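Trainee: The structure that follows is given in the form of C-alpha coordinates.
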2 protein chains.
Amino acid sequence: MAHPKAPSDGDPRRRAVTTAVRLFRRQGFHATGVAQIVEESGSPRGSFYFYFPGGKEQLGAEAVAYAGAAIEALWERTAQDARDAGDFLRRVSSAAARWLERSGWQEGCPVAVVALEATPDAEALRAAADAALARWTGLVARRLRRDGVPARRARSLAVLFVAAFEGALLMARAGRRADALEVAGRELAELARGAARRPRTMRGRTAPG
Amino acid sequence: MAHPKAPSDGDPRRRAVTTAVRLFRRQGFHATGVAQIVEESGSPRGSFYFYFPGGKEQLGAEAVAYAGAAIEALWERTAQDARDAGDFLRRVSSAAARWLERSGWQEGCPVAVVALEATPDAEALRAAADAALARWTGLVARRLRRDGVPARRARSLAVLFVAAFEGALLMARAGRRADALEVAGRELAELARGAARRPRTMRGRTAPG
(Lines give C-alpha, C1' and ligand atoms only; values in the text may rest on other atoms or scores of the structure.)
Protein backbone atom coordinates (compact mmCIF):
# COMPACT_ATOMS: atom_id res chain seq x y z
CA MET A 1 0.00 0.00 0.00
CA ALA A 2 1.33 3.44 -0.90
CA HIS A 3 1.39 5.27 2.38
CA PRO A 4 0.08 8.82 2.42
CA LYS A 5 2.56 11.62 2.32
CA ALA A 6 2.61 13.51 5.61
CA PRO A 7 3.34 17.14 4.78
CA SER A 8 2.27 20.12 6.88
CA ASP A 9 -1.46 20.72 7.31
CA GLY A 10 -1.48 23.71 5.03
CA ASP A 11 0.10 21.76 2.21
CA PRO A 12 -2.07 22.08 -0.93
CA ARG A 13 -1.20 18.55 -2.08
CA ARG A 14 -2.42 17.09 1.18
CA ARG A 15 -5.52 19.28 1.12
CA ALA A 16 -6.39 17.88 -2.32
CA VAL A 17 -6.10 14.33 -0.93
CA THR A 18 -8.21 14.97 2.17
CA THR A 19 -10.80 16.86 0.11
CA ALA A 20 -11.01 13.91 -2.30
CA VAL A 21 -11.52 11.51 0.62
CA ARG A 22 -14.35 13.67 1.95
CA LEU A 23 -16.05 13.90 -1.45
CA PHE A 24 -15.63 10.17 -2.24
CA ARG A 25 -17.29 9.33 1.09
CA ARG A 26 -20.39 11.27 0.07
CA GLN A 27 -20.69 10.81 -3.68
CA GLY A 28 -18.08 8.31 -4.83
CA PHE A 29 -15.26 8.62 -7.33
CA HIS A 30 -17.00 9.24 -10.65
CA ALA A 31 -19.32 11.98 -9.40
CA THR A 32 -16.34 13.87 -8.00
CA GLY A 33 -14.68 16.05 -10.61
CA VAL A 34 -11.21 17.56 -10.52
CA ALA A 35 -12.84 21.00 -10.63
CA GLN A 36 -14.78 20.31 -7.42
CA ILE A 37 -11.68 18.95 -5.64
CA VAL A 38 -9.66 22.00 -6.72
CA GLU A 39 -12.38 24.41 -5.67
CA GLU A 40 -13.13 22.82 -2.29
CA SER A 41 -9.48 22.33 -1.39
CA GLY A 42 -8.75 25.97 -2.22
CA SER A 43 -5.79 25.17 -4.44
CA PRO A 44 -5.00 26.92 -7.70
CA ARG A 45 -6.17 24.69 -10.55
CA GLY A 46 -2.84 25.06 -12.34
CA SER A 47 -1.05 23.20 -9.53
CA PHE A 48 -3.32 20.13 -9.67
CA TYR A 49 -1.53 18.43 -12.56
CA PHE A 50 1.81 19.50 -11.12
CA TYR A 51 1.03 17.58 -7.92
CA PHE A 52 -0.87 14.78 -9.64
CA PRO A 53 0.60 14.22 -13.10
CA GLY A 54 -1.49 11.03 -13.27
CA GLY A 55 -4.62 13.18 -12.86
CA LYS A 56 -7.75 12.18 -11.00
CA GLU A 57 -6.87 8.48 -10.96
CA GLN A 58 -3.56 9.17 -9.22
CA LEU A 59 -5.27 11.43 -6.68
CA GLY A 60 -8.00 8.80 -6.26
CA ALA A 61 -5.49 6.06 -5.49
CA GLU A 62 -3.70 8.32 -2.99
CA ALA A 63 -7.00 9.26 -1.37
CA VAL A 64 -7.91 5.58 -0.97
CA ALA A 65 -4.47 4.83 0.53
CA TYR A 66 -4.78 7.84 2.85
CA ALA A 67 -8.26 6.87 4.04
CA GLY A 68 -7.17 3.24 4.39
CA ALA A 69 -4.24 4.23 6.61
CA ALA A 70 -6.40 6.58 8.71
CA ILE A 71 -8.96 3.84 9.35
CA GLU A 72 -6.17 1.38 10.10
CA ALA A 73 -4.70 3.75 12.71
CA LEU A 74 -8.11 4.18 14.32
CA TRP A 75 -8.71 0.42 14.42
CA GLU A 76 -5.19 -0.13 15.82
CA ARG A 77 -5.92 2.20 18.75
CA THR A 78 -9.26 0.47 19.32
CA ALA A 79 -7.55 -2.94 19.20
CA GLN A 80 -5.11 -1.80 21.90
CA ASP A 81 -7.87 -0.47 24.15
CA ALA A 82 -10.29 -3.39 23.75
CA ARG A 83 -10.42 -6.06 26.45
CA ASP A 84 -10.66 -8.85 23.87
CA ALA A 85 -11.11 -9.33 20.12
CA GLY A 86 -14.88 -9.48 20.48
CA ASP A 87 -14.90 -6.13 22.28
CA PHE A 88 -12.70 -4.72 19.50
CA LEU A 89 -15.06 -5.85 16.71
CA ARG A 90 -18.11 -4.54 18.55
CA ARG A 91 -16.46 -1.18 19.26
CA VAL A 92 -15.31 -0.69 15.67
CA SER A 93 -18.82 -1.47 14.38
CA SER A 94 -20.58 0.77 16.90
CA ALA A 95 -18.20 3.66 16.28
CA ALA A 96 -18.89 3.40 12.53
CA ALA A 97 -22.64 3.31 13.21
CA ARG A 98 -22.45 6.49 15.32
CA TRP A 99 -20.27 8.27 12.76
CA LEU A 100 -22.63 7.34 9.92
CA GLU A 101 -25.66 8.50 11.90
CA ARG A 102 -23.96 11.82 12.74
CA SER A 103 -23.36 12.36 9.02
CA GLY A 104 -27.11 12.08 8.43
CA TRP A 105 -26.47 8.71 6.72
CA GLN A 106 -24.58 10.55 3.98
CA GLU A 107 -21.12 9.10 4.42
CA GLY A 108 -19.77 5.84 3.09
CA CYS A 109 -16.48 4.03 3.01
CA PRO A 110 -14.30 5.66 0.33
CA VAL A 111 -12.41 2.39 -0.12
CA ALA A 112 -15.60 0.40 -0.78
CA VAL A 113 -17.09 2.85 -3.25
CA VAL A 114 -13.86 3.06 -5.23
CA ALA A 115 -13.54 -0.75 -5.22
CA LEU A 116 -16.98 -0.96 -6.83
CA GLU A 117 -16.61 1.98 -9.22
CA ALA A 118 -13.10 1.19 -10.50
CA THR A 119 -13.29 0.21 -14.17
CA PRO A 120 -10.77 -2.24 -15.71
CA ASP A 121 -8.51 0.57 -16.92
CA ALA A 122 -8.25 2.12 -13.43
CA GLU A 123 -5.72 -0.38 -12.08
CA ALA A 124 -4.22 2.04 -9.53
CA LEU A 125 -7.63 2.53 -7.89
CA ARG A 126 -8.32 -1.19 -7.68
CA ALA A 127 -4.88 -1.91 -6.26
CA ALA A 128 -5.20 0.84 -3.62
CA ALA A 129 -8.60 -0.48 -2.49
CA ASP A 130 -7.30 -4.06 -2.36
CA ALA A 131 -4.27 -3.00 -0.31
CA ALA A 132 -6.38 -1.11 2.24
CA LEU A 133 -8.79 -4.04 2.66
CA ALA A 134 -5.86 -6.45 3.05
CA ARG A 135 -4.23 -4.31 5.75
CA TRP A 136 -7.48 -4.07 7.75
CA THR A 137 -7.89 -7.84 7.45
CA GLY A 138 -4.34 -8.37 8.72
CA LEU A 139 -4.95 -6.07 11.68
CA VAL A 140 -8.16 -7.89 12.69
CA ALA A 141 -6.46 -11.29 12.32
CA ARG A 142 -3.59 -10.18 14.59
CA ARG A 143 -6.05 -9.02 17.26
CA LEU A 144 -7.85 -12.38 17.11
CA ARG A 145 -4.55 -14.25 17.42
CA ARG A 146 -3.71 -12.28 20.57
CA ASP A 147 -6.75 -13.98 22.13
CA GLY A 148 -5.48 -17.41 21.12
CA VAL A 149 -7.48 -17.92 17.93
CA PRO A 150 -5.39 -20.18 15.63
CA ALA A 151 -3.84 -18.46 12.60
CA ARG A 152 -6.08 -19.94 9.88
CA ARG A 153 -9.28 -19.36 11.79
CA ALA A 154 -8.16 -15.82 12.73
CA ARG A 155 -7.58 -15.08 9.05
CA SER A 156 -10.98 -16.50 8.13
CA LEU A 157 -12.83 -14.53 10.82
CA ALA A 158 -10.91 -11.37 9.90
CA VAL A 159 -11.99 -11.67 6.25
CA LEU A 160 -15.56 -12.25 7.42
CA PHE A 161 -15.40 -9.21 9.69
CA VAL A 162 -14.03 -6.81 7.07
CA ALA A 163 -16.60 -8.11 4.55
CA ALA A 164 -19.48 -7.77 7.02
CA PHE A 165 -18.27 -4.33 8.11
CA GLU A 166 -18.19 -3.01 4.54
CA GLY A 167 -21.52 -4.60 3.66
CA ALA A 168 -23.17 -3.41 6.86
CA LEU A 169 -21.94 0.14 6.24
CA LEU A 170 -23.65 0.22 2.86
CA MET A 171 -26.80 -1.38 4.23
CA ALA A 172 -26.90 1.17 7.06
CA ARG A 173 -26.44 4.01 4.62
CA ALA A 174 -29.13 2.71 2.25
CA GLY A 175 -31.53 2.01 5.12
CA ARG A 176 -30.70 5.10 7.19
CA ARG A 177 -30.50 2.99 10.31
CA ALA A 178 -27.60 1.53 12.24
CA ASP A 179 -29.02 -1.98 12.74
CA ALA A 180 -26.83 -3.78 10.23
CA LEU A 181 -23.62 -2.46 11.81
CA GLU A 182 -24.78 -3.21 15.35
CA VAL A 183 -25.96 -6.71 14.40
CA ALA A 184 -22.75 -7.52 12.51
CA GLY A 185 -20.62 -6.25 15.40
CA ARG A 186 -22.59 -8.26 17.96
CA GLU A 187 -22.66 -11.52 15.99
CA LEU A 188 -18.98 -11.33 15.11
CA ALA A 189 -17.95 -10.42 18.66
CA GLU A 190 -19.76 -13.57 19.81
CA LEU A 191 -18.09 -15.63 17.08
CA ALA A 192 -14.64 -14.25 17.98
CA ARG A 193 -15.16 -15.12 21.65
CA GLY A 194 -16.27 -18.63 20.74
CA ALA A 195 -13.20 -19.08 18.52
CA ALA A 196 -10.92 -17.87 21.32
CA ARG A 197 -12.54 -20.18 23.90
CA ARG A 198 -12.61 -23.26 21.73
CA PRO A 199 -10.27 -23.00 18.78
CA ARG A 200 -11.52 -24.89 15.75
CA THR A 201 -10.34 -25.07 12.19
CA MET A 202 -12.12 -23.39 9.33
CA ARG A 203 -13.94 -26.62 8.53
CA GLY A 204 -15.52 -26.71 11.93
CA ARG A 205 -13.57 -29.53 13.51
CA THR A 206 -12.96 -28.91 17.18
CA ALA A 207 -9.25 -28.79 17.96
CA PRO A 208 -8.00 -30.96 20.79
CA GLY A 209 -7.93 -29.23 24.19
CA MET B 1 -39.84 -2.49 -3.74
CA ALA B 2 -41.06 -1.46 -7.17
CA HIS B 3 -41.17 -4.71 -9.10
CA PRO B 4 -39.74 -4.71 -12.59
CA LYS B 5 -42.12 -4.49 -15.47
CA ALA B 6 -42.19 -7.72 -17.45
CA PRO B 7 -42.82 -6.76 -21.06
CA SER B 8 -41.70 -8.84 -24.05
CA ASP B 9 -37.97 -9.32 -24.54
CA GLY B 10 -37.79 -7.00 -27.49
CA ASP B 11 -39.35 -4.17 -25.52
CA PRO B 12 -37.08 -1.10 -25.71
CA ARG B 13 -38.02 -0.01 -22.19
CA ARG B 14 -36.96 -3.35 -20.77
CA ARG B 15 -33.78 -3.33 -22.85
CA ALA B 16 -32.86 0.05 -21.34
CA VAL B 17 -33.30 -1.40 -17.83
CA THR B 18 -31.26 -4.54 -18.47
CA THR B 19 -28.55 -2.53 -20.24
CA ALA B 20 -28.36 -0.19 -17.24
CA VAL B 21 -28.01 -3.18 -14.88
CA ARG B 22 -25.15 -4.56 -16.98
CA LEU B 23 -23.35 -1.20 -17.08
CA PHE B 24 -23.87 -0.47 -13.35
CA ARG B 25 -22.34 -3.86 -12.53
CA ARG B 26 -19.14 -2.91 -14.35
CA GLN B 27 -18.76 0.82 -13.80
CA GLY B 28 -21.38 2.01 -11.36
CA PHE B 29 -24.13 4.60 -11.71
CA HIS B 30 -22.28 7.87 -12.20
CA ALA B 31 -19.89 6.61 -14.89
CA THR B 32 -22.87 5.34 -16.89
CA GLY B 33 -24.38 8.05 -19.08
CA VAL B 34 -27.80 8.10 -20.70
CA ALA B 35 -26.06 8.23 -24.09
CA GLN B 36 -24.25 4.95 -23.41
CA ILE B 37 -27.44 3.24 -22.19
CA VAL B 38 -29.33 4.43 -25.27
CA GLU B 39 -26.56 3.35 -27.61
CA GLU B 40 -25.95 -0.08 -26.07
CA SER B 41 -29.65 -0.88 -25.72
CA GLY B 42 -30.22 0.05 -29.36
CA SER B 43 -33.15 2.35 -28.59
CA PRO B 44 -33.80 5.65 -30.31
CA ARG B 45 -32.61 8.42 -28.00
CA GLY B 46 -35.87 10.29 -28.41
CA SER B 47 -37.80 7.54 -26.66
CA PHE B 48 -35.62 7.54 -23.52
CA TYR B 49 -37.38 10.44 -21.81
CA PHE B 50 -40.72 9.13 -23.02
CA TYR B 51 -40.12 5.86 -21.17
CA PHE B 52 -38.26 7.47 -18.26
CA PRO B 53 -39.62 10.98 -17.68
CA GLY B 54 -37.62 11.02 -14.43
CA GLY B 55 -34.45 10.55 -16.47
CA LYS B 56 -31.42 8.58 -15.41
CA GLU B 57 -32.42 8.48 -11.75
CA GLN B 58 -35.77 6.86 -12.59
CA LEU B 59 -34.06 4.32 -14.83
CA GLY B 60 -31.42 3.76 -12.14
CA ALA B 61 -34.04 3.01 -9.50
CA GLU B 62 -35.84 0.62 -11.86
CA ALA B 63 -32.56 -1.09 -12.73
CA VAL B 64 -31.78 -1.59 -9.04
CA ALA B 65 -35.28 -3.01 -8.43
CA TYR B 66 -34.95 -5.26 -11.48
CA ALA B 67 -31.53 -6.58 -10.42
CA GLY B 68 -32.75 -6.97 -6.84
CA ALA B 69 -35.72 -9.09 -7.97
CA ALA B 70 -33.54 -11.20 -10.29
CA ILE B 71 -31.10 -11.98 -7.48
CA GLU B 72 -34.00 -12.68 -5.13
CA ALA B 73 -35.47 -15.19 -7.61
CA LEU B 74 -32.09 -16.91 -7.95
CA TRP B 75 -31.63 -17.10 -4.18
CA GLU B 76 -35.18 -18.40 -3.78
CA ARG B 77 -34.48 -21.30 -6.14
CA THR B 78 -31.22 -22.03 -4.33
CA ALA B 79 -33.04 -21.90 -0.96
CA GLN B 80 -35.53 -24.51 -2.24
CA ASP B 81 -32.80 -26.82 -3.52
CA ALA B 82 -30.47 -26.54 -0.53
CA ARG B 83 -30.51 -29.29 2.07
CA ASP B 84 -30.25 -26.78 4.94
CA ALA B 85 -29.70 -23.06 5.51
CA GLY B 86 -25.95 -23.55 5.77
CA ASP B 87 -25.89 -25.28 2.39
CA PHE B 88 -27.96 -22.41 0.97
CA LEU B 89 -25.54 -19.72 2.23
CA ARG B 90 -22.52 -21.62 0.97
CA ARG B 91 -24.08 -22.21 -2.46
CA VAL B 92 -25.09 -18.57 -2.90
CA SER B 93 -21.57 -17.41 -1.99
CA SER B 94 -19.82 -19.95 -4.23
CA ALA B 95 -22.09 -19.18 -7.17
CA ALA B 96 -21.29 -15.47 -6.82
CA ALA B 97 -17.57 -16.26 -6.63
CA ARG B 98 -17.72 -18.30 -9.86
CA TRP B 99 -19.76 -15.64 -11.64
CA LEU B 100 -17.35 -12.89 -10.58
CA GLU B 101 -14.35 -14.93 -11.69
CA ARG B 102 -15.96 -15.66 -15.08
CA SER B 103 -16.43 -11.91 -15.55
CA GLY B 104 -12.67 -11.43 -15.16
CA TRP B 105 -13.36 -9.78 -11.74
CA GLN B 106 -15.11 -6.96 -13.60
CA GLU B 107 -18.63 -7.31 -12.27
CA GLY B 108 -20.03 -6.01 -9.03
CA CYS B 109 -23.38 -5.86 -7.31
CA PRO B 110 -25.44 -3.08 -8.95
CA VAL B 111 -27.40 -2.63 -5.72
CA ALA B 112 -24.26 -2.12 -3.63
CA VAL B 113 -22.61 0.35 -5.97
CA VAL B 114 -25.78 2.43 -6.24
CA ALA B 115 -26.20 2.36 -2.43
CA LEU B 116 -22.73 3.86 -2.10
CA GLU B 117 -22.94 6.32 -4.98
CA ALA B 118 -26.43 7.68 -4.27
CA THR B 119 -26.16 11.30 -3.21
CA PRO B 120 -28.68 12.87 -0.82
CA ASP B 121 -30.83 14.21 -3.66
CA ALA B 122 -31.14 10.78 -5.30
CA GLU B 123 -33.79 9.47 -2.92
CA ALA B 124 -35.31 7.00 -5.43
CA LEU B 125 -31.95 5.28 -5.86
CA ARG B 126 -31.38 4.95 -2.12
CA ALA B 127 -34.89 3.63 -1.53
CA ALA B 128 -34.55 1.05 -4.33
CA ALA B 129 -31.23 -0.21 -2.93
CA ASP B 130 -32.65 -0.37 0.60
CA ALA B 131 -35.72 -2.31 -0.59
CA ALA B 132 -33.60 -4.88 -2.47
CA LEU B 133 -31.32 -5.43 0.52
CA ALA B 134 -34.34 -5.78 2.83
CA ARG B 135 -35.97 -8.38 0.57
CA TRP B 136 -32.79 -10.49 0.40
CA THR B 137 -32.47 -10.27 4.18
CA GLY B 138 -36.08 -11.44 4.58
CA LEU B 139 -35.50 -14.37 2.24
CA VAL B 140 -32.38 -15.53 4.14
CA ALA B 141 -34.16 -15.17 7.49
CA ARG B 142 -37.08 -17.32 6.25
CA ARG B 143 -34.67 -20.04 5.09
CA LEU B 144 -32.97 -20.02 8.52
CA ARG B 145 -36.34 -20.26 10.28
CA ARG B 146 -37.21 -23.34 8.22
CA ASP B 147 -34.27 -25.04 9.97
CA GLY B 148 -35.61 -24.07 13.38
CA VAL B 149 -33.55 -20.94 14.02
CA PRO B 150 -35.62 -18.62 16.27
CA ALA B 151 -37.02 -15.50 14.57
CA ARG B 152 -34.74 -12.90 16.18
CA ARG B 153 -31.59 -14.92 15.65
CA ALA B 154 -32.64 -15.73 12.06
CA ARG B 155 -33.06 -12.03 11.37
CA SER B 156 -29.69 -11.24 12.93
CA LEU B 157 -27.87 -13.94 10.95
CA ALA B 158 -29.65 -12.89 7.77
CA VAL B 159 -28.46 -9.29 8.17
CA LEU B 160 -24.95 -10.58 8.83
CA PHE B 161 -25.09 -12.79 5.74
CA VAL B 162 -26.30 -10.07 3.36
CA ALA B 163 -23.70 -7.65 4.78
CA ALA B 164 -20.89 -10.21 4.49
CA PHE B 165 -22.03 -11.19 1.00
CA GLU B 166 -21.95 -7.59 -0.26
CA GLY B 167 -18.64 -6.85 1.45
CA ALA B 168 -17.06 -10.08 0.24
CA LEU B 169 -18.16 -9.34 -3.32
CA LEU B 170 -16.36 -6.02 -3.27
CA MET B 171 -13.28 -7.53 -1.61
CA ALA B 172 -13.19 -10.29 -4.22
CA ARG B 173 -13.48 -7.80 -7.03
CA ALA B 174 -10.77 -5.53 -5.59
CA GLY B 175 -8.47 -8.47 -4.89
CA ARG B 176 -9.28 -10.46 -8.04
CA ARG B 177 -9.64 -13.61 -6.00
CA ALA B 178 -12.65 -15.48 -4.67
CA ASP B 179 -11.35 -16.09 -1.13
CA ALA B 180 -13.53 -13.55 0.65
CA LEU B 181 -16.74 -15.02 -0.79
CA GLU B 182 -15.71 -18.60 -0.09
CA VAL B 183 -14.61 -17.76 3.46
CA ALA B 184 -17.78 -15.78 4.22
CA GLY B 185 -19.96 -18.59 2.81
CA ARG B 186 -18.14 -21.26 4.84
CA GLU B 187 -18.11 -19.35 8.13
CA LEU B 188 -21.77 -18.35 7.85
CA ALA B 189 -22.87 -21.85 6.83
CA GLU B 190 -21.20 -23.12 10.01
CA LEU B 191 -22.84 -20.39 12.08
CA ALA B 192 -26.26 -21.14 10.58
CA ARG B 193 -25.89 -24.84 11.39
CA GLY B 194 -24.87 -24.04 14.95
CA ALA B 195 -27.88 -21.73 15.34
CA ALA B 196 -30.22 -24.44 14.01
CA ARG B 197 -28.75 -27.13 16.29
CA ARG B 198 -28.71 -25.01 19.42
CA PRO B 199 -30.96 -21.97 19.18
CA ARG B 200 -29.66 -19.05 21.14
CA THR B 201 -30.74 -15.43 21.38
CA MET B 202 -28.81 -12.59 19.81
CA ARG B 203 -27.13 -11.88 23.12
CA GLY B 204 -25.59 -15.31 23.20
CA ARG B 205 -27.70 -16.89 25.94
CA THR B 206 -28.37 -20.53 25.25
CA ALA B 207 -32.07 -21.26 25.01
CA PRO B 208 -33.41 -24.12 27.08
CA GLY B 209 -33.46 -27.47 25.26
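Trainee: Quick one: go through region B:112-140 and flag any residue whose amide nitrogen is under 19 Å from the point 7 Å out along the Cα-to-Cβ line of residue B:58.
Mentor: B:121-129
Trainee: Here's something else I'd like to know. Compute the angle between helix A:151-175 and the longest alpha-carbon principal axis of chain A, please, reported from 0 to 90 degrees and rounded to the nearest 10.
Mentor: 50
Trainee: Still on this structure, please answer the following. Please work out the average accessible area per residue across region B:30-142, using the 1.4 Å probe convention, and give it in Å².
Mentor: Normalised by residue count, the accessible surface of region B:30-142 is 39 Å².
Trainee: Taking beta carbons within 10 Å but only from partner chains, what does the mean come to for residues B:19-25?
Mentor: 0
Trainee: With everything on Cα atoms, drop me the angle between helix A:85-102 and the longest principal axis of chain A, reported from 0 to 90° to the nearest 10.
Mentor: Orientation of helix A:85-102: about 40 degrees from the principal axis.
Trainee: What value, in deg cm²/dmol to 500, does the helix sum -39500 (n - 2.57) over DSSP H runs of n ≥ 4 give at 222 nm once divided by the residues of chain A?
Mentor: -24500 deg cm²/dmol
Trainee: What does the charge count near residue A:131 come to, summing +1 for each Lys or Arg and -1 for each Asp or Glu among other residues with Cβ under 13 Å from its Cβ?
Mentor: Here the count lands on -1.
Trainee: Quick check: from the Cα gyration tensor, does region B:117-203 come out rounded (a/c under 1.5), prolate or oblate?
Mentor: oblate
Trainee: Springs between alpha-carbon atoms under 10 Å, Gaussian network over chain A: tell me which of A:12, A:150, A:44 tops the mean-square fluctuations.
Mentor: Sorting by GNM fluctuation, first place goes to A:44.
Trainee: Let me ask something else. Using the alpha-carbon atoms, what tilt in degrees (0 to 90, nearest 10) does helix B:12-27 show relative to the longest principal axis of chain B?
Mentor: Taking the Cα atoms of chain B, the angle to B:12-27 is about 60 degrees.
Trainee: On to the next question. When a/c is below 1.5 the answer is rounded, else prolate if a/b is larger than b/c, else oblate, so apply that to region A:24-147 with a ≥ b ≥ c taken from the square roots of the Cα gyration tensor eigenvalues.
Mentor: prolate
Trainee: Report the label-to-label distance for residue A:95 and residue B:197 in nanometres (one decimal), using points 7 Å from each Cα along the Cα→Cβ vector.
Mentor: Placing both labels 7 Å along Cα→Cβ, they lie 3.5 nm apart.
Trainee: Would you work out if the protein assembly as shown is rounded, prolate or oblate? Take a ≥ b ≥ c from the square roots of the eigenvalues of the alpha-carbon gyration tensor; rounded if a/c is under 1.5, else prolate when a/b is larger than b/c, oblate otherwise.
Mentor: Oblate shape, in that a/c is at least 1.5 and b/c is the bigger or equal ratio.
Trainee: Count the net charge of all other residues whose Cβ sits under 13 Å from the Cβ of residue B:105, scoring Lys and Arg as +1 and Asp and Glu as -1.
Mentor: +3
The values are calculated or read from the model by the stated rules, or taken from the named source; none is laboratory data. Everything quoted here is computed from the prediction, not taken from an experiment. FYI the Cβ positions are ideal-geometry reconstructions off the backbone, even for glycines, and counts take in every protein chain you see. Surface accessibility is based on the protein's heavy atoms, side chains included, excluding ligands, DNA and RNA. Shrake-Rupley method; radii C 1.70, N 1.55, O 1.52, S 1.80 Å.
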